[in-house]
Amino acid sequence: MMHERICLKVRVQPRADSDGIVGFQSDETLKIRITSPPIDNQANEHLLKFLARKLKIPKGNIQLISGQRSRNKILEIQGISKNSLINLLKLNGGRND
């Protein structure tokens, strides 16, 4: 299913001590910590690179749909199923809160 597209709600905590996936919250938003500051799009770029690495897909497969200047973002991710996404995030250090 390489053409599958999913939307993912993300809440970002910038300027964290380390990069990491906190886990899915009750409203199905994925909370992620990143070390970059929210200045000049640095946190957004860092978020896309971090997620691409975790999901083992090209960074170009992830688009920031909304929330460019907010901690709450919506991402569109191509080339991965929702089940694969959830499993990879759990295997790569995410925990289900």
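Computing Kirkwood radius over Cα pairs in Å for the structure here picks out one of (i) 18.8; (ii) 13.2; (iii) 14.3, namely (ii).
Put Leu64, Leu85 in order of accessible area, highest first, and with a 1.4 Å probe you get Leu64, Leu85. Counting Lys and Arg as +1 and Asp and Glu as -1 over every other residue whose Cβ lies under 11 Å from the Cβ of Leu75, the net charge comes to +2. Straightening the chain between Glu45 and Thr29 buys 3.9 nm, computed as 0.36 nm per residue apart minus the Cα-Cα spacing.
Using 0.36 nm per residue and subtracting the Cα-Cα separation, the extra length available between Leu64 and Ala52 on full extension is 3.1 nm. Considering only alpha-carbon pairs that sit under 8 angstrom and 6 or more positions apart, the relative contact order computed for the chain is 37 percent. The figure for Arg15 is an accessible area of roughly 150 square angstrom, using a 1.4 Å probe on the protein chains alone.
The values are calculated or read from the model by the stated rules, or taken from the named source; none is laboratory data. Model, not experiment: these values are computed from the prediction. Reconstructed Cβ throughout: ideal geometry from the backbone, glycine too, with neighbour counts over all protein chains shown. Surface accessibility is based on the protein's heavy atoms, side chains included, excluding ligands, DNA and RNA. Shrake-Rupley method; radii C 1.70, N 1.55, O 1.52, S 1.80 Å.
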